[in-house]
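Novice: Let me begin by handing over the structure; questions about it come next.
The values are calculated or read from the model by the stated rules, or taken from the named source; none is laboratory data. Note that the coordinates shown come from a computational prediction; the quantities given were computed from them, not determined experimentally. Virtual Cβ from ideal backbone geometry, glycine too; neighbours counted across all protein chains shown. Side chains included, ligands, DNA and RNA excluded: accessible areas come from the protein's heavy atoms. Shrake-Rupley method; radii C 1.70, N 1.55, O 1.52, S 1.80 Å.
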Amino acid sequence: MARMVRVEFDGPARHQYSPVPGYPLRAGDIVVVETDWGVGMGGVGAILGEFPPEVLKAPVSRILRKATPTDLSRRTALAQREREARTFCREQIQTRGLPMKLTEVRIGLDSSKALFYFTADGRVDFRELVKDLTQHLRTRVELRQIGVRDEAGVLGSAGACGRPLCCRTFLQAFTPVSIRMAKDQNLALNPGKLSGMCGRLKCCLAFEHPLYAELKRTLPRLGCCVATCRGPGLIRAQNVLEQTVLVALETGGQVILTAKEVTVRPRPTPPSRGTHAGEGPAGTPAAESAPGGPPGAAAGRDTRRPARPEAPPPAEDVPDDLAALEDS
């Protein structure tokens with residue numbers, strides 16, 4: 001275990017962990033630290049006494065120093081320079097007609113590197129744009145393509161719940177979200193209600209899915225036969241959160257029962273076929289004699305038809321407007 005410092009930066013949910021330096025720090029201090037876009041500045045969010053080093057991404061960034069008054073004044077001037085670089089880059093994108101959208105600009109505190117984040121539907125040839133930006137900023141320039149989920153975190157907004165977007169406040173990494181998660185929660189497959197501000201499936205579906213998957217394990221499956229105090233029936237619907245099922249009784253009518261009030265029973269098997277001509281007991285083919293041989297000579301040869309292979313389960317049919325919401 002190692003002592004680590006969580007350094008938080010302005011903008012979307014973005015922080016990193018750095019080893020505790022040799023001088024004392026406390027929450028709220030402003031420090032100068034190594035970042036992806038060069039030397040950056042952030043605030044100390046917390047000091048963790050024991051942190052497993054194997055969960056850290058290599059290489060681990062170092063804290064260089066506490067921010068000085070000179071660093072703080074330089075950060076104010078740097079914010080103005082980032083705004084100017086954003087305006088210039090958007091003008092060049094429009095002039096060159098590039099199919100891309102600029103999202104965010106980050107320039108290192110030492111001006112050794114500038115990082116431009118953008119979104120695009122496909123690959124973009126931005127080599128000439130990099131030359132323009134390098135000549136204008138007089139520093140090393142890197143363009144990095146991000147997804148629409150990352151863009152929503154940068155721009156920020158409020159979700160359907162009324163709270164700030166998770167990707168803006170705390171979410172560091174995105175997990176794949178599928179239509180199956182919405183079906184497991186018995187949600188209406190309405191693209192307008194399932195999609196977030198980014199135009200993809202809401203991330204909260206993935207947060208809630210483990211709980212729904214665990215609760216569904218205790219419920220009988222749809223269509224299975226059950227025995228109840230009101231007689232046998234079939235499961236027609238489930239209420240996962242209330243742990244109840246809707247049972248269609250064989251005697252007619254429907255009833256809502258808890259999972260403890262029903263018992264799964266095997267589905268009744270259809271009656272076996274009677275004995276026909278040319279068949280032995282239980283419908284097995286009768287022994288036939290081989291040509292020129294004694295009766296029963298063919299008994300050692302299996303004359304039954306080979307069993308048909310089981311058909312694969314039908315593919316899940318997802319409408320195109322819903323499939324477009326899933327992460328590709």
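Novice: Looking at residue 49, is it more than 26 Å from residue 139 (Cα to Cα), more than 33 Å from the chain's Cα centre (by Cα), of a type outside the set (D, E, K, R) and modelled with pLDDT under 85?
Specialist: No: the conditions fail for residue 49.
Novice: Could I ask something else about it? How about the range 214-228: which of its residues are in contact with a helix residue (DSSP H, G or I) (Cβ under 9 Å, 6 or more places away or on another chain) and open to solvent by less than 30 Å² (accessible area, probe 1.4 Å)?
Specialist: 219, 220, 228
Novice: A further question on this structure: Can you report the number of residues in the range 112-138 which are closer than 29 Å to residue 76 by Cβ, touching a helix residue (DSSP H, G or I) at 6+ places or on another chain (Cβ under 9 Å) and without any contact (Cβ under 8 Å) to a residue 60 or more places away in the chain?
Specialist: Number of matching residues: 9.
Novice: Quick check on my filter: what residues within the range 162-210 are without any contact (Cβ under 8 Å) to a residue 60 or more places away in the chain and of a type in the set (Lys, Arg)?
Specialist: If the condition is that a residue be without any contact (Cβ under 8 Å) to a residue 60 or more places away in the chain and of a type in the set (Lys, Arg), then 163, 183, 193, 202 are the ones that fit.
Novice: Now for a different question. Go through (1) touching a Phe, Trp or Tyr at 6+ places or on another chain (Cβ under 8 Å); (2) closer than 28 Å to residue 263 by Cβ; (3) among the β-branched types (Val, Ile, Thr) for residue 154 and report which single condition fails.
Specialist: Of everything listed in (1) touching a Phe, Trp or Tyr at 6+ places or on another chain (Cβ under 8 Å); (2) closer than 28 Å to residue 263 by Cβ; (3) among the β-branched types (Val, Ile, Thr), residue 154 misses just condition (2).
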